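Single-structure report; data block below.
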Amino acid sequence: MSCPIKPTGNRVVVKPIINDKVTSSGIIIPDTVSKEKPEKGEIVAVGSGKALENGQRLPIDLNVGQIVLFSKYSPTEFEHEKQKYLILDVDDIKAVIEA
């Protein structure tokens with residue numbers, strides 16, 4: 001998947017993964033009803049890294065395609081061509097989910 005948005009500096013663009021909730025009786029409650037903010041997503045673009053005082057850049061150790069967990073209220077949300085995306089600072093990513 002190609003993302004038309006290129007994040008700056010120490011940021012990544014994430015496509016949120018929406019999880020529908022299932023009650024104990026098997027009823028599916030779609031995310032559009034529960035209105036919970038996503039906490040998981042797929043990285044679709046990575047910035048150039050953090051600018052250091054000496055003028056060099058510290059590269060981001062995340063890659064496009066990785067599934068990550070992040071702080072619920074930290075991302076900046078936006079929509080591009082009917083697709084929702086999130087921009088996150090790398091420090092707000094808490095973990096990578098490995099398959």
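Values in this text are rule-based calculations from the coordinates and carry no lab data. Just so it is clear, the structure is predicted and the values come from calculations on it, not from any experiment. Note that each Cβ is placed from the backbone with ideal geometry, even for glycine, and that neighbours are counted across all protein chains shown.
Observations on the model:
- Distance between the 7 Å Cα→Cβ label points at LEU52 and SER71: 2.5 nm.
- Neighbourhood charge, 13 Å Cβ-Cβ cut-off, centred on LEU62 and excluding it, Lys, Arg +1 and Asp, Glu -1: -3
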